[in-house]
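These notes concern the structure reproduced below.
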Amino acid sequence: MRHIAIVGSGPAGYYTAEAAQKEFGDDVRVDVFDKLPVPYGLIRTGVAPDHQSIKGVSRRYEKTALTDNVRFVGNVAIGEDISVERLQMLYDAVVIATGAPQDRELSIPGEDLRNTFGSAAFVGWYNGHPQFADLDPDLSGSTAVVIGMGNVALDVARMLSKKAAEFDGSDIVGHALDALDASNIERIILLGRRGPHQIMMTPKELGELGWLDHAAPHVDKADLPDEAEDAILEPGLRKSVALLREFAATPEHIRGEKRIAVEFAFFAQPTALIGDGAVEAVEIERTKLERGRAVGTGDTERVPADLVISCIGYRTAPIPGVPFDERAGRFANDDGRILPGLYCVGWARRGPSGTIGTNKPDGFGIVEKIAADFADGTIRQQGREGREGFDAYAAEHGLDIVTFRDWKKIEEAEAQAAREGAPREKFVDIEAMIKALN
Ligand code: NAP
């Protein structure tokens, strides 16, 4: 019997579990650990609450979770409740699939001013992540600055633009729904350090900005390169740029009908956050492109800001005993291999890029490597105890494990507490989740 531990129950973790089951059949036992009592990682706490169709992929993970040789082990923090070293003594292969839950820092002055947040924190807040449920952003000001031109910046700008009725059918948590509905924000400035041809926004997500009830996108025609230059772009980006052109062509009197403006500010590198206690402005330096890179021109100006959310990417959280690449912000690995018997997959392997679906080939790929390492003796099967050994450890150390069956009870309680039309009202603290089990 092969024993595999997967650390993290998000997409990368469950695709790996699915692949292990397909590769090894009845000859494998897989334990999928999560430090939260609830599974699915970013599907629950990252994907925007108004993107329910994307969240539907969790049904596939549930199918894997319900098979006999895969088990969910929630409420166990690897590196705190049990070390990776100990886990390696119990399992033949340990795969780290913990994603990239920490915000990359801007590393500019003023980053610690009140009402400035990274996207991990802000997205965690509106998605009810227990770590960020108490964030309590102040939405009473008129202007929000969102730094970055990726899909997370789009999610954040869209959330800030919506009022209650536009969240119908979503699973936004009650505290965020109330706060966003009462928000006074009417100007959302998206800051990009490069230009329209360098945005990281995908067309479907960018297009949604054009269909909001109370907000309209504003793009300045003068910022757009000559249309002929779009021909060299790869097709997805070309579509996104075409949308920017559409937004720019919308007459002022039409976009002015919407109370909230989402403004695209290109060639603007934030250099400092300014304020006295709370943030009041972002100092930016104008940039120009040199061989694709943003280079400062020395021209600076101030953009007003009552709220700042930096959406510039994420880092993996280090785990004691696991080699870490500080510069890249992820585990040090050679195509998923960290050390013999220790692997990483998903964002913990490659950094925060790609869609949910990118994790599928990633998960299947790492299992191929594990199979090869079993075959050539890199992984020596030494009668490790697997889940029985872990259960003994858990009993000895008083760990309060949450099983998949327990999760189903939490899920049911969340469904029962849902607002009309919503799929669930999430518990936002761990104690409440555990309480729902009794
Ligand atoms: P991203 O796509 O890498 O975008 C990050 C943005 O931040 C870029 O515009 C980048 O500009 C900018 N940036 C980075 N460092 C900066 C700095 N120091 N100062 C100013 N700007 C800076 O990352 P993301 O938006 O966090 O998304 C992560 C991944 O999740 C992506 O693969 C994304 O597609 C995916 N995602 C998908 C969806 C969806 O499909 N619905 C939703 C959310 C996220 P440069 O390009 O100049 O570096």
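The values are calculated or read from the model by the stated rules, or taken from the named source; none is laboratory data. Please read these numbers as outputs of a predicted model, since none were measured by experiment. Virtual Cβ from ideal backbone geometry, glycine too; neighbours counted across all protein chains shown. Just so you know, the surface numbers come from the protein's heavy atoms only, side chains and all, with ligands and any DNA or RNA stripped out. Shrake-Rupley method; radii C 1.70, N 1.55, O 1.52, S 1.80 Å.
A compact table of results
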{"quantity": "The stretch 33-43, residues that are open to solvent by less than 20 Å² (accessible area, probe 1.4 Å) and under 19 Å from residue 357 (Cβ atoms)", "calculated": "39, 40, 43"}
{"quantity": "Matching residues, the stretch 352-386, being away from the ligand (no atom under 16 Å from the Cβ) and under 30 Å from residue 202 (Cα atoms)", "calculated": "363, 364, 365, 366, 367"}
{"quantity": "Counted residues, the stretch 44-72 - those being open to solvent by 40 Å² or more (accessible area, probe 1.4 Å), β-branched (Val, Ile, Thr) and in contact with a Gly (Cβ under 7 Å, 6 or more places away or on another chain)", "calculated": "0"}
{"quantity": "Failed criterion for residue 280 (all others in (1) over 19 Å from residue 117 (Cβ atoms); (2) open to solvent by 40 Å² or more (accessible area, probe 1.4 Å) hold)", "calculated": "(1)"}
{"quantity": "From 135, 177, 154, residue being touching a helix residue (DSSP H, G or I) at 6+ places or on another chain (Cβ under 8 Å), modelled with pLDDT of 95 or more and surrounded by fewer than 20 Cβ atoms within 10 Å (Cβ to Cβ)", "calculated": "135"}
{"quantity": "Total residues in the stretch 393-438, condition charged (D, E, K, R), part of a helix (DSSP H, G or I) and open to solvent by 40 Å² or more (accessible area, probe 1.4 Å)", "calculated": "8"}
{"quantity": "2 or more residues under 30 Å from residue 165 (Cα atoms) and at pLDDT below 95: qualifying helices (runs of 4 or more DSSP H) within the stretch 188-304", "calculated": "252-255"}
{"quantity": "Single unsatisfied condition, residue 183 versus (1) surrounded by 21 or more Cβ atoms within 10 Å (Cβ to Cβ); (2) within 16 Å of the ligand (Cβ to nearest atom)", "calculated": "(2)"}
{"quantity": "Any hit, the stretch 87-103, residues being more than 14 Å from residue 30 (Cβ to Cβ), acidic (Asp, Glu) and within 19 Å of the chain's Cα centre (by Cα)", "calculated": "yes"}
{"quantity": "Any hit, the stretch 47-60, residues being away from the ligand (no atom under 16 Å from the Cβ) and under 20 Å from the mean Cα position of the chain (by Cα)", "calculated": "yes"}
{"quantity": "Residue in the stretch 376-392 that is open to solvent by 20 Å² or more (accessible area, probe 1.4 Å), of a type in the set (A, V, I, L, M, F, W, C) and not in a helix (DSSP H, G or I) present", "calculated": "no"}
{"quantity": "Among residues of the stretch 250-276, those that are open to solvent by less than 40 Å² (accessible area, probe 1.4 Å) and of a type in the set (Lys, Arg), counted", "calculated": "1"}
{"quantity": "Cross-chain or 6+ apart pairs with Cβ under 8 Å, the stretch 189-215 first and within 12 Å of residue 150 (Cβ to Cβ) and of a type in the set (Ser, Thr, Tyr), then at pLDDT 95 or above and open to solvent by less than 10 Å² (accessible area, probe 1.4 Å)", "calculated": "202/240"}
{"quantity": "Residue in the stretch 247-264 that is within 12 Å of the ligand (Cβ to nearest atom) and either over 20 Å from residue 189 (Cβ atoms) or of a type in the set (Val, Ile, Thr) (or both) present", "calculated": "no"}
{"quantity": "Within the stretch 318-351, considering residues that are surrounded by fewer than 19 Cβ atoms within 10 Å (Cβ to Cβ) and within 16 Å of the ligand (Cβ to nearest atom), the one farthest from the chain's Cα centre (by Cα)", "calculated": "327"}
{"quantity": "Whichever residue in the stretch 305-334 is in a strand (DSSP E or B) and touching a residue at least 40 places away in the same chain (Cβ under 8 Å) and, among such residues, is farthest from residue 105 (Cα to Cα)", "calculated": "331"}
{"quantity": "Subset tally (residues that are small (Gly, Ala, Ser), surrounded by 12 or more Cβ atoms within 10 Å (Cβ to Cβ) and over 29 Å from the mean Cα position of the chain (by Cα)) for the stretch 288-303", "calculated": "1"}
{"quantity": "Identity of the residue in the stretch 150-171, within 29 Å of residue 277 (Cβ to Cβ) and of a type in the set (A, V, I, L, M), that ends up nearest to the ligand (Cβ to nearest atom)", "calculated": "152"}
{"quantity": "The listed residue being touching a helix residue (DSSP H, G or I) at 6+ places or on another chain (Cβ under 8 Å) and in contact (Cβ under 8 Å) with a residue 60 or more places away in the chain, out of 116, 98", "calculated": "98"}
{"quantity": "Candidate set: the stretch 73-121, residues that are of a type in the set (S, T, N, Q) and surrounded by fewer than 23 Cβ atoms within 10 Å (Cβ to Cβ); chosen: the one nearest to the ligand (Cβ to nearest atom)", "calculated": "107"}
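Here is a yes/no grid of residues against (1) more than 10 Å from the ligand (Cβ to nearest atom); (2) more than 20 Å from residue 311 (Cβ to Cβ); (3) of a type in the set (S, T, N, Q):
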position: 193; (1), (2), (3): no, no, no
position: 199; (1), (2), (3): no, no, no
position: 205; (1), (2), (3): no, no, no
position: 215; (1), (2), (3): yes, no, no
position: 219; (1), (2), (3): yes, no, no
position: 222; (1), (2), (3): yes, yes, no
position: 229; (1), (2), (3): yes, yes, no
position: 232; (1), (2), (3): yes, yes, no
position: 238; (1), (2), (3): yes, yes, no
